[in-house]
Amino acid sequence: MPSVAKDVYALRAALLDWYDTHARTLAWRSPPGTKARPDPYRVWLSEVMLQQTTTPHATPYFLAFTQRWPTVRDLAAAEDGDVMAAWAGLGYYARARNLLACARAVASGHDGAFPETEEGLRALPGLGAYTAAAVAAIAFGRAANVVDGNVERVMARLFAVETPLPTARPELKSLAGSLVGEERPGDWAQALMDLGATVCRPKTPLCGDCPLTHWCTGFQSGQPERYPLKIKKADRPRRTGFAWVLQDREGRVALVRRPDKGLLGGMLGLPTSDWSAEASDGPPAEADWREAGAIEHVFTHFALTLNVRAARGDGDFIWTPVDEALASLPTVFRKALERGLG
Ligand code: SF4
């Protein structure tokens, strides 16, 4: 079997050729090979929506948003309540607030034009690494490495990666990066996404329809669906703990700096108890705490159930506006904060 490393050019050509005839028609997309670049606003909006839901579910929302707010300036000028209402049904209202914050930053700080580089895009509020790479590649033709779950699956199969997820994530990203090139970066990103969504499907890959069989170690193994490997739930110990969502009178949320050593060391987080089999330490401040449910989060070596408690109060914390906290906290704390906010 030809080595991918020695044959990147042919592999890229095969996938781009496939994309030229098999690209999905999507409301926010320019057809393959189109010289005119798609509107960054539409690319960004679609990518944010697609983080929430599937393509068929996102499409009517995308059409409604772009009809009502055709440009980023229009969205920036919208009433918060109108945008929240239009977002209803897409889930995670915090994303809608981030969406507005980002649109306003582009409209006021960048004269209505999205920055063209990943770094510039990442500096916008609430715009994460994946979205920055996707917008840079698709809207601005930058050779960015755009890796979503579909692309991870294709890489795991193409290279028969034996490391299980989530540990394999950096390896899969690096493998995807080894295939990125200067030619048609936006089409390349979308071709990989489409291959994962329509051919290299999670349970039943349609290898007979795939342009990459020639290079695919997973296909050659006869069991491509074995990849990506996942750490079995039973192999992962479960820990439990409490996360405390405390808000002051201005609605800011109490954060703490985590110890330098240990999990998520040195990062900002919500106050929490120990994460152990039987977490027992009490809340970080006197307040009228209410139960706000629980969240599940899977770390590489253990699964965590965090029971969330919420209250109003004060104390010696790093008081942070909610939008800022949602945009910057590690996922486990973001999930707990969203749960605590109700
Ligand atoms: Fe996926 Fe099969 Fe194509 Fe390999 S050959 S990338 S397993 S669809």
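The values are calculated or read from the model by the stated rules, or taken from the named source; none is laboratory data. Not measured: the values here are computed from a predicted model. In this analysis, Cβ positions are derived from the backbone assuming ideal geometry, glycine residues included, and neighbour counts consider all displayed protein chains. Surface accessibility is based on the protein's heavy atoms, side chains included, excluding ligands, DNA and RNA. Shrake-Rupley method; radii C 1.70, N 1.55, O 1.52, S 1.80 Å.
Report the Cα-based extents of the stretch 1-89 along its three principal axes, largest first, to the nearest Å.
For the stretch 1-89, the Cα extents along the three principal axes come out at 57, 27, 21 Å.
Mind checking which of 318, 138, 295 has the largest fluctuation in a GNM of the chain, springs on alpha carbons under 10 Å?
318
Past the 28 Å Cα-Cα mark, which pairs from 6/232; 230/335; 203/261?
6/232; 203/261
In Å, what Kirkwood hydrodynamic radius results for the stretch 59-120 from the alpha-carbon pair distances?
By the Kirkwood definition, the hydrodynamic radius is 12.1 Å.
Work the Kirkwood hydrodynamic radius out for the stretch 238-341: mean of 1/r over every pair of different alpha-carbon atoms, inverted, in Å.
About 13.6 Å, per the Kirkwood formula over Cα pairs.
Please tell me the relative contact order of the stretch 268-342 in percent, rounded to the nearest whole number, where contacts are Cα pairs under 8 Å and at least six residues apart.
With pairs under 8 Å counted, the relative contact order is 32 percent.
Find the centroid of the Cα atoms in the stretch 196-274 and in the stretch 304-322, then give the distance between the two in whole Å.
Centre-to-centre (Cα) distance: 24 Å.
Ignoring ligands, DNA and RNA, what percent of the 1.4 Å accessible area of the chain is carbon and sulfur?
51 percent
Peptides 204-213, 244-253: what's the order by average Cβ count within 10 Å, highest mean first?
Listed from highest to lowest mean packing, they are 244-253, 204-213.
Please report Rg over Rh for the chain, where both radii come from the alpha carbon positions and Rh follows the Kirkwood definition.
0.99
Leaving out ligands and nucleic acids, note down the accessible area per residue over the stretch 141-204 with a 1.4 angstrom probe, in whole Å².
Per residue, the stretch 141-204 has an accessible area of 38 Å².
Give the accessible surface of the stretch 238-341 per residue, rounded to a whole number of Å², with probe radius 1.4 Å and ligands, DNA and RNA excluded.
Here the per-residue accessible area is 52 Å².
Would you calculate the volume per residue, in Å³, of the smallest convex hull containing every Cα atom of the stretch 58-196?
About 122 Å³ per residue, rounded to a whole number.
At 0.36 nm per residue, minus the direct Cα-Cα distance, what do residue 111 and residue 324 gain on full extension? Give it in nm, one decimal, please.
Value of the extension gain: 74.5 nm.
For Cα pairs less than 8 Å apart in space and 6+ apart in sequence, what is the mean separation divided by the residue count of the stretch 1-154, i.e. the relative contact order in percent?
With pairs under 8 Å counted, the relative contact order is 20 percent.
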